[in-house]
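Bear in mind these aren't lab numbers, they're just calculated from the coordinates by the rules spelled out. This one's a predicted model, so the numbers in the text were calculated from it and none came from an experiment. Positions of Cβ are generated from backbone atoms using ideal geometry, with glycine treated the same way; all protein chains shown enter the neighbour counts.
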Amino acid sequence: MTTRTLGVVMNGVTGRMGYRQHLLRSVLAINEQGGVTLDGGERVLLDPVLVGRSEAKLADIAARHGLARWTTDLDTALGDPANSVYFDAQVTSARVPAVVKALEAGKHVYVEKPTAETLEDATMLARRAAEAGVKHGVVQDKLFLPGLRKLRRLIDGGFFGRILSVRGEFGYWVFEGDWQPAQRPSWNYRAEDGGGIVLDMFPHWNYVLENLFGRVEAVIAKAVTHIPVRWDENGQEYKATADDSAYGIFELEGGIVAQINSSWDVRVNRDELVEFQVDGTEGSAVAGLRRCRVQHRSATPMPVWNPDLPATYGFRDQWQEVPDNEEFDNGFKVQWEMFVRHVLEDAPFPHDLASGARGVQLAELGLRSSAEGRRIEVPEL
């Protein structure tokens, strides 16, 4: 069995997501397991070069993990023929020019979502990647969560019959930053820096809905800035100019209606930080990050509305747990392995920049729906 290396330029690894999920739990974890195994048995190790703006942060990360290659000069990293792949986990506002540079250098590109701040830029990236003839992909990690993979299993097995509706709840309370440090970076709350929960989460909801239930055909949304003032990483007060909560209704092909609430101003009273309830003619399911519970038509109780008497049973106790039946790996890591195989042996990878552009389109139309107070149809790109 032979082993080779694949040079990967990783831009944005000093950020929370770029470091934890992509460098630590994906790229380094892949190397620790011996690499990605290709169809012919060959193993591929990833050789990352860390890119960012802070020499001190890059040097610290490299030293902690025994990595030799890091730089603050993206052009130098892209100019090295040993590097075949460019990965981008920067703030959204910095993504487009960096990805364009990578495409011009002939690199395969793999990027975090949203791929751009505007649909015009997102479609431009997809078009240029196609013209360059390189492999390209966007992170769509939630499809690989254990809970949603169990949900996929139920859909494929016909458990629901005809699916009627989807209801999603996502979010948690992000501290304002005055008397407790905020657990999200301050740029998330500044529209001028590419922030906003619609631009952050609607691309997620688009690929989840599209891959599990059907294409989004229309959207009605309300985007709100509930907390108008926050405090940044240096304890400085600033005005929040981006939406921090969004309430959306999505009409899907086949007549399915999806409702999803997204908020950084909600205290969690759920089993998991995100949950989707799917109701169908033959059964229902509630799927979260890891768990998935079901209630079949044949086992559905008969609730009776009686406000004069307390309920003597727990509604959650009437649902059945869907077993794992397999060992689930980190979703980010699984998709990295898929992309490596896509680059090296043309294995299927549907999560391309065109898919990413559809997510940006939904975010853009969601914000427009909110501003204009109306339902907006989503045209096919």
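Based on other C-beta atoms within 10 Å, arrange D324, D346 from fewest to most.
Lowest count first: D346, D324.
Pop the C-beta distance of E32 and T2 into the FRET formula with R0 = 22 Å and round what comes out to the nearest 0.05.
Here the calculated transfer efficiency is 0.70.
If I fit a long axis through the Cα atoms of helix 146-156 and take the longest principal axis of the Cα atoms of the chain, what angle between them do I get, 0 to 90°, rounded to 10?
60 degrees
Taking the simple approach of a point 7 Å from Cα along Cα-to-Cβ for both E237 and D346, what is their distance in nm?
6.1 nm
Taking a ≥ b ≥ c as the square roots of the Cα gyration tensor eigenvalues, with a/c under 1.5 meaning rounded and otherwise prolate when a/b beats b/c, else oblate, which class fits the range 1-151?
rounded
For Q21, what is the net charge nearby, where nearby means another residue's Cβ is under 13 Å from its Cβ and Lys, Arg count +1, Asp, Glu -1?
Every neighbour counted, the sum reads +3.
If one takes the longest principal axis of the Cα atoms in the chain, at what angle in degrees, from 0 to 90 and to the nearest 10, does the Cα axis of helix 197-212 lie?
Approximately 80 degrees, to the nearest 10.
Report P(r) for the range 101-253: all Cα-Cα distances, bin width 10 Å, range 0 to the bin holding the largest distance, values in whole percent.
Distribution as computed: 9, 29, 31, 24, 6, 0 percent.
Can you tell me what share of the DSSP beta bridges in the chain is antiparallel? A percent to the nearest 5 is fine.
60 percent
Just to confirm my numbers, what's the Cα centroid distance between the range 339-374 and the range 45-61 in Å?
28 Å
By how many degrees, between 0 and 90 and to the nearest 10, does the Cα long axis of helix 95-104 differ from the longest principal axis of the chain?
Orientation of helix 95-104: about 50 degrees from the principal axis.
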